[in-house]
């Protein structure tokens, strides 16, 4: 069982209050979590910025090859990562360059060096949690 970050529900809510989310590793395949989660977030009022080097468009939005390819005019608050743990450090370096407030590593994704690097730059890192599950848990199921 992988550990997860130590954030309280209030801290998670403050991250979920940020609405501009770049999804690195977003999938065009509607059956994959990397498509289901960002689609759910979009349906719940989030602005999704797709990042996938092999797609021109996902969920009806222009996709970018990397975080660094997202124009500076497009604000990114949170980077939601659907990539293997060994690829996370590079994503974090790009996220730091973009000045994001938080990085969200989906279930089963963790990279110690990447987390330490982000924290050094005052970026919150949520890991081994699903953004959709946390949103549902804190906002939908609590109703």
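Every number here is computed from the coordinates shown, using simple stated rules; none is lab data. This is a predicted model, so every value here is computed, not measured.
Details
- Per-residue [θ]222 nm for the chain (sum of -39500 (n - 2.57) over DSSP H runs n ≥ 4, rounded to 500): -8500 deg cm²/dmol
- Relative pair counts by distance (%), Cα atoms of the chain, 10 Å bins: 12, 47, 35, 6, 0
- Expressed as a whole percent, the proportion of Cα-Cα pairs in segment 61-112 lying more than 17 Å apart is 32%.
- Antiparallel DSSP beta bridges within the chain, percent to nearest 5: 10 percent
- The overall shape of segment 97-140 is oblate: from the C-alpha gyration tensor, with semi-axes ordered a ≥ b ≥ c, the ratio a/c is 1.5 or greater and a/b is no larger than b/c.
- Length-normalised contact order of segment 9-140 in % [C-alpha pairs under 8 Å, at least 6 apart]: 22 percent
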